[in-house]
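A.B. asks: Take this structure, written in structure tokens, and hold onto it; I'll ask about it next.
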Amino acid sequence: MFLGLLLFLSLVMPFAQTAPDTAVVTSSDGVPIHYAVQGKGDNALVFIHCWSCDRRLWDNQVAEFSKTNRVVTIDLPGHGESGLERKNWSIESYGDDVKAVVTELDLKRVVLVGSSMGGPIALEAARRMPERVVAIVPVDTLHNVEEKMPAEQLDAVMKQLRADYKGAVKALMNQFFFARGTPAAVKKRVIKDATSRPPETALAILSAIFAYDAAPALKEIKVPIRAINSDRVPTNVEANRKYAPQFDVAIIKGIGHYPMLEEPASFNQLLAEILQTLQPA
């Protein structure tokens with residue numbers, strides 16, 4: 001009987017993890033923002049998810065980096081458990097949201113890690129609290145801040161999405177967001193998340209992403225910017241360095257838009273190397 005109990009414990013204990021502390025802070029326009037905190041350390045890593053995802057996007061990173069850092073993951077308004085009611089969906093308002101969480105926790109030394117739209121959001125958050133942010137890690141984003149989608153092309157995409165939100169999202173993601181080697185489980189997960197969003201809110205947020213110009217914010221940021229991008233879309237380092245000479249990028253080859261899910265070990269190693277360069281002398 002004792003041996004049977006030991007066997008049972010050996011099977012269940014590896015899966016028993018301490019749940020992160022969760023809390024809610026209210027945005028400047030009254031939207032509840034849910035976030036989770038785990039780990040301790042001098043550096044606070046604040047992870048900002050992409051469009052149509054939520055804070056669970058970073059589970060592989062939370063498990064690793066909370067061993068040595070304080071890790072904060074946020075459900076941005078319009079996603080996850082956070083509120084859906086907002087009149088002005090904009091990247092700037094999301095920057096305010098991240099600042100609200102950081103201020104609530106009184107984080108002193110913050111590294112902002114932002115996936116896709118989370119990269120521009122990180123720029124806006126850093127503009128609002130330069131005394132707290134020590135680095136920004138954009139993830140598969142900010143490939144070329146000078147490049148804009150032509151208006152007629154954007155109008156055509158939005159028209160497709162309004163006519164058949166779920167069908168168009170699935171088609172566009174399969175066409176542009178995945179690589180040949182993207183695991184089927186990752187595709188299924190992100191498509192399910194995206195197509196389950198309220199279309200009106202999702203499209204309002206998507207419009208805000210396309211309307212945002214990152215160049216002015218990039219020019220204002222002085223802290224290190226170290227992107228982790230896939231080779232799915234070329235990164236124009238020269239164009240970005242016109243605005244932020246400190247911009248640099250590490251490339252993970254052969255993956256799609258979600259390196260933290262597709263190649264978590266490689267992604268975590270690159271992020272760890274970036275963090276190591278930021279250690280105080």
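A.B. asks: Report yes if some residue within the stretch 102-122 is over 27 Å from Phe267 (Cα atoms), out of contact with any Phe, Trp or Tyr (no Cβ under 8 Å at 6 or more places or on another chain), of a type outside the set (Val, Ile, Thr) and in contact (Cβ under 8 Å) with a residue 60 or more places away in the chain; otherwise report no.
C.D. replies: Checked against the condition, which is being over 27 Å from Phe267 (Cα atoms), out of contact with any Phe, Trp or Tyr (no Cβ under 8 Å at 6 or more places or on another chain), of a type outside the set (Val, Ile, Thr) and in contact (Cβ under 8 Å) with a residue 60 or more places away in the chain, the stretch 102-122 yields at least one hit.
A.B. asks: Here is a follow-up. Those residues that are modelled with pLDDT of 95 or more and either under 20 Å from Gln61 (Cβ atoms) or in contact with a helix residue (DSSP H, G or I) (Cβ under 6 Å, 6 or more places away or on another chain) (or both), I need them from the stretch 82-96; list them, please.
C.D. replies: Ser82, Trp89, Ser90, Ile91, Glu92, Tyr94, Gly95
A.B. asks: Just give me the residues in the stretch 59-77 being in a loop (DSSP other than H, G, I, E, B) and surrounded by 23 or more Cβ atoms within 10 Å (Cβ to Cβ), in sequence order.
C.D. replies: Within the stretch 59-77, Leu76, Pro77 qualify.
A.B. asks: Now for a different question. Kindly indicate whether Asp231 is in contact (Cβ under 8 Å) with a residue 12 or more places away in the chain, within 12 Å of Leu142 (Cβ to Cβ) and among the acidic types (Asp, Glu).
C.D. replies: Considered against the rule, which asks whether it is in contact (Cβ under 8 Å) with a residue 12 or more places away in the chain, within 12 Å of Leu142 (Cβ to Cβ) and among the acidic types (Asp, Glu), Asp231 comes out as no.
A.B. asks: Continuing with this model, one more query. Do the conditions hold for Met129, that is, is it under 24 Å from Arg55 (Cβ atoms), surrounded by fewer than 19 Cβ atoms within 10 Å (Cβ to Cβ), touching a strand residue (DSSP E or B) at 6+ places or on another chain (Cβ under 8 Å) and without any contact (Cβ under 8 Å) to a residue 40 or more places away in the chain?
C.D. replies: When the stated conditions are applied, Met129 passes them.
A.B. asks: Go through the stretch 46-58 and count every residue that is of a type in the set (A, V, I, L, M, F, W, C), crowded, with 24+ Cβ neighbours inside 10 Å and part of a loop (DSSP other than H, G, I, E, B).
C.D. replies: Here the count works out to 2.
A.B. asks: Would you check which residues across the stretch 78-99 are among the aliphatic types (A, V, I, L, M) and either closer than 18 Å to Pro138 by Cβ or crowded, with 20+ Cβ neighbours inside 10 Å (or both) and list them?
C.D. replies: Ile91, Val98 - these are the residues of the stretch 78-99 that are among the aliphatic types (A, V, I, L, M) and either closer than 18 Å to Pro138 by Cβ or crowded, with 20+ Cβ neighbours inside 10 Å (or both).
A.B. asks: Please work out if Asp42 is more than 17 Å from Pro138 (Cα to Cα) and in contact with a helix residue (DSSP H, G or I) (Cβ under 7 Å, 6 or more places away or on another chain).
C.D. replies: no
A.B. asks: While we're looking at this one, here's another question. Please determine whether any residue of the stretch 181-189 is more than 21 Å from Leu76 (Cβ to Cβ), modelled with pLDDT under 95, out of contact with any Pro (no Cβ under 9 Å at 6 or more places or on another chain) and in a loop (DSSP other than H, G, I, E, B).
C.D. replies: Within the stretch 181-189, one or more residues are more than 21 Å from Leu76 (Cβ to Cβ), modelled with pLDDT under 95, out of contact with any Pro (no Cβ under 9 Å at 6 or more places or on another chain) and in a loop (DSSP other than H, G, I, E, B).
A.B. asks: Step by step: first the residues of the stretch 22-42, then only those that are outside any loop (DSSP other than H, G, I, E, B), modelled with pLDDT of 95 or more and polar (S, T, N, Q), then the one that is nearest to His79 (Cα to Cα). Which residue is that?
C.D. replies: Thr26
A.B. asks: With respect to Ala244, is the statement that it is under 17 Å from the mean Cα position of the chain (by Cα), farther than 16 Å from Gly114 by Cα and of a type outside the set (Val, Ile, Thr) true?
C.D. replies: Details: under 17 Å from the mean Cα position of the chain (by Cα): no; farther than 16 Å from Gly114 by Cα: yes; of a type outside the set (Val, Ile, Thr): yes.
No.
The values are calculated or read from the model by the stated rules, or taken from the named source; none is laboratory data. Predicted, not measured: the structure shown is a model, and the values here were computed from it. Note that we place each Cβ from the backbone using ideal geometry, even for glycine, and neighbour counts take in every protein chain shown.
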